[in-house]
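For reference, the structure is listed below as structure tokens.
The values are calculated or read from the model by the stated rules, or taken from the named source; none is laboratory data. Quick caveat: nothing in here was measured; it's all calculated off a predicted structure. Here the Cβ is made from the backbone with ideal geometry for all residues, glycine too, and neighbour counts use every protein chain on show. Each accessible area value is taken on the protein alone, full model and side chains, heavy atoms only, with ligands, DNA and RNA left out. Shrake-Rupley method; radii C 1.70, N 1.55, O 1.52, S 1.80 Å.
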Amino acid sequence: MITLDNIHKSFGDNHVLRGVDLHVARGTSMVIIGGSGTGKSIAIKTILGLVTPEKGTITVDGQDVSQTGDRDAFLARFGMLFQGAALFDSLPVWQNVAFRLLRGSLARPKAEAHEIAIEKLRRVGLTPDVADRLPAELSGGMQKRVGLARAIAAEPEIIFFDEPTTGLDPIMAGVINDLIREIVTEMGATTMTITHDMTSVRTIADNVAMLHGGKIRWTGPVADIDAATDPYVDQFIHGRAEGPIETVR
Ligand SMILES: Nc1ncnc2c1ncn2[C@@H]1O[C@H](COP(=O)(O)OP(=O)(O)OP(=O)(O)O)[C@@H](O)[C@H]1O
Ligand SMILES: [Mg+2]
């Protein structure tokens, strides 16, 4: 469903992505792990066309993403949870969740969009009374969950989750991990999730890819990760301070 072939992206002399190759099969859940600042968020943004790589090819469902004529139709296939939630601060919660259902190719009647927003809020553990509040009136973890509800609201085929459990308590993190797994298993969505949380990795992933040094250092089925002999993977999954990954960058 998603293929990245030799993707390069630099910011000035900061060569973030140095030839990323990655393949995500339809209806599977890929989890991206890797140290802070290695380019995980940038990699996802290149797929959506929010960041343009200098080199390489990205295809979604066989289509080169740099050649998409109708951007609205292309983006309608995706949901995205941004790392910082990125809610519209002047819109009430429900309009954030239903954003995509209130305009463009996915627009539907306002009452229906509202009803879907309330349902999606419930899926992420939020009660209807938050629907009319502004994002600034919510805690960080609640904002994160509103971002999640927005990402799944239009039931897209492909969903990206950037740090879905960061800032959540362990119980709510478990609820969100289960939700992401359900979206893949029951709705057949193709998902890519970035996380530092090994519990999330084990709950969500079919396959795991580790980004390091601008490339995919290791990739394989989640069941293989504990037996991986790669010292970078070993250091990362065990959270060891000692190892090949430098802790001062
Ligand atoms: N718009 C930008 N302009 C310049 N540099 C950027 C920009 N966005 C990201 N970078 C740089 O690209 C690198 C990778 O950033 P990215 O956000 O992808 O990291 P990450 O792997 O998601 O890290 P984290 O786990 O901390 O979220 C960093 O060095 C960052 O400073
Ligand atoms: Mg990031």
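Listed values, structure above:
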item: Criterion (more than 30 Å from Thr247 (Cβ to Cβ) and at pLDDT below 95) met by exactly one of Thr28, Thr68, Thr59; result: Thr68
item: All positions within segment 194-228 that are away from ligand 1 (no atom under 15 Å from the Cβ) and basic (Lys, Arg); result: Arg202
item: Residue check for Thr190: over 17 Å from Ser36 (Cα atoms), open to solvent by less than 20 Å² (accessible area, probe 1.4 Å) and in contact (Cβ under 8 Å) with a residue 12 or more places away in the chain; result: yes
item: Where Thr166 falls short, out of the listed (1) touching a residue at least 60 places away in the same chain (Cβ under 8 Å); (2) surrounded by 22 or more Cβ atoms within 10 Å (Cβ to Cβ); (3) assigned by TED's automatic domain parsing to the domain that holds Val60; result: (2)
item: Conditions (1) in contact (Cβ under 8 Å) with a residue 40 or more places away in the chain; (2) closer than 26 Å to Met30 by Cβ; number of the one not met by Leu134; result: (2)
item: Residue in segment 11-26 that is farthest from ligand 1 (Cβ to nearest atom), counting only those that are open to solvent by 30 Å² or more (accessible area, probe 1.4 Å) and farther than 15 Å from Gly220 by Cβ; result: Arg26
item: Unique residue being more than 16 Å from ligand 1 (Cβ to nearest atom) and in contact with a helix residue (DSSP H, G or I) (Cβ under 9 Å, 6 or more places away or on another chain) when the list is Arg145, Arg103; result: Arg145
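Each row is one residue, and each column tells you yes or no for (1) open to solvent by 20 Å² or more (accessible area, probe 1.4 Å); (2) hydrophobic (A, V, I, L, M, F, W, C); (3) in contact (Cβ under 8 Å) with a residue 12 or more places away in the chain; (4) more than 13 Å from ligand 1 (Cβ to nearest atom).
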| residue | (1), (2), (3), (4) |
| --- | --- |
| Gly39 | no, no, yes, no |
| Thr46 | no, no, yes, no |
| Thr59 | yes, no, yes, yes |
| Arg71 | yes, no, yes, yes |
| Leu75 | yes, yes, yes, yes |
| Phe88 | yes, yes, yes, yes |
